[in-house]
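Structure first, then comments.
Derivation of every value follows stated rules applied to the coordinates shown; laboratory data play no part. Given the structure is predicted, the values throughout are model-derived calculations rather than measurements. Here the Cβ positions follow ideal geometry from the backbone for every residue, glycine too, while neighbour counts run over all protein chains shown.
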Amino acid sequence: MGWTVADLVCHLRALGVHDGDQLAVHSSMKALGWVEGGAPAVLRALQTTVGPNGTLLMPTMTPPMARFVLTETPSYTGLLTETLRRSPGAVRSRHPTHSATVWGRDAAAIASGHPEATALGIGSPFHRLAERGGKVLLLGVDCRRNSLIHVGEALSRPPYFGVVLYPGYHRDLLMVLPDGREVVVPPRDNPGCSGGFNVVQDELASRGQLATGTVGDARSYLMLGEHVLQATRDLLARDAAALLCDDPGCAFCSAARECCDEAMRG
């Protein structure tokens, strides 16, 4: 016997998810354990918990590719995100690498607000959800998967912001829209490494702004989007390198630290 939809709804409500909530969800299906009905059942539990007046947003991101077809190219960010992308009423935002898919209240408005040249920056779906009082739900993952922290970087614009080191993200990309039109999207606000983002999680915990619990088998976290943005901005105001990881082999964070050091000297 595995976890049922009813079980997951109870767990989500105990964590603090309410009817009408607008949720940005990052998840690990493996961490949830055995769920009867698989990813569709998890999605149904989320939809049931937020209800018809709620909203679900998930990243449906893809690597840079020669031709991104908005309605056909699958999500590369997990089974649950692809299940949402294919679900009735879901709307995918227009971005060739960092699209999000939104279901529920104001889905079209949140998704259509994605500036075509902005990945996870100002005005992206994650930002718009936070501006509407939305929450971030992490199912079996931690803040290293929290895309809203990248929005906080975009708002703060630390010295390394805009540095592109990952292959393929430095060039224009072709996106095919639902009506068949082809749009060339230039790179802008592409995010960097998220390996150090748990400092934001620790900051939220210290402020009493982080709810923790278990959904299925998964250690899970719930936080208010505006709190994530404020904690990120506060950390970066104190130290421009606060979000960078400690892995000496990380090319992005090594280059980013050099940018911070140059800014300090300059």
Using Cα springs under 10 Å in a Gaussian network model of the chain, which residue among P96, P167, P186 shows the largest mean-square fluctuation? P167
Rounded to the nearest 0.05, what FRET efficiency do D172 and D7 give with R0 = 45 Å and r taken as the Cβ-Cβ distance? Could you check? 0.45
When only Cα pairs under 8 Å and 6 or more residues apart are kept, what is the percent relative contact order across the range 5-265? 21
Name the residues whose placed amide hydrogens come within less than 5 Å of the amide hydrogen of W3, ignoring near sequence neighbours (fewer than 5 apart) on the same chain. W34, V35, E36
For the range 49-62, in order, what is each residue's ³J(HN,Hα) by Karplus, 6.51 cos²θ - 1.76 cosθ + 1.60 with θ = phi - 60°, in whole Hz (x at glycine and Pro)? 5, 7, x, x, 9, x, 9, 10, 10, 9, x, 10, 7, 9
Sum -39500 (n - 2.57) across every DSSP H segment of at least 4 residues in the chain, then divide by the residue count to get the 222 nm mean residue ellipticity, nearest 500. -10500 deg cm²/dmol
Taking the beta-carbon count within 10 Å as an exposure proxy, list F252, F126 from fewest neighbours to most. F252, F126
Full-extension gain in nm, E182 to R257, via 0.36 nm per residue minus C-alpha separation: 23.2 nm
Scalar couplings 3J(HN,Hα) for the range 222-234 by Karplus 6.51 cos²θ - 1.76 cosθ + 1.60 (θ = phi - 60°), nearest whole Hz, x for Gly and Pro, are 9, 8, 7, x, 5, 5, 4, 5, 5, 4, 4, 5, 5
Calculate one ³J(HN,Hα) per residue across the range 31-39 by plugging θ = phi - 60° into the Karplus curve 6.51 cos²θ - 1.76 cosθ + 1.60, and present them in order as whole Hz with x for glycine and proline. 5, 5, x, 6, 10, 5, x, x, 4
Give me the number: length gained by fully extending A108 to E226, i.e. 0.36 nm times residue separation minus the C-alpha to C-alpha distance, one decimal in nm. 40.3 nm
For Y221, Y76, which order do you get if you count the other beta carbons within 10 Å of each Cβ and list the fewest first? Y76, Y221
Return E203, E226 ranked ascending by Cβ neighbour count within 10 Å, so the fewest neighbours appear first. E226, E203
Can you give the % of DSSP beta bridges in the chain that are antiparallel, to the nearest 5? 65
Full-stretch length increase - V163, A237 - with 0.36 nm per residue and alpha-carbon distance subtracted: 24.7 nm
Label-point separation, R86 to Q209 (7 Å along Cα→Cβ), nm: 3.8
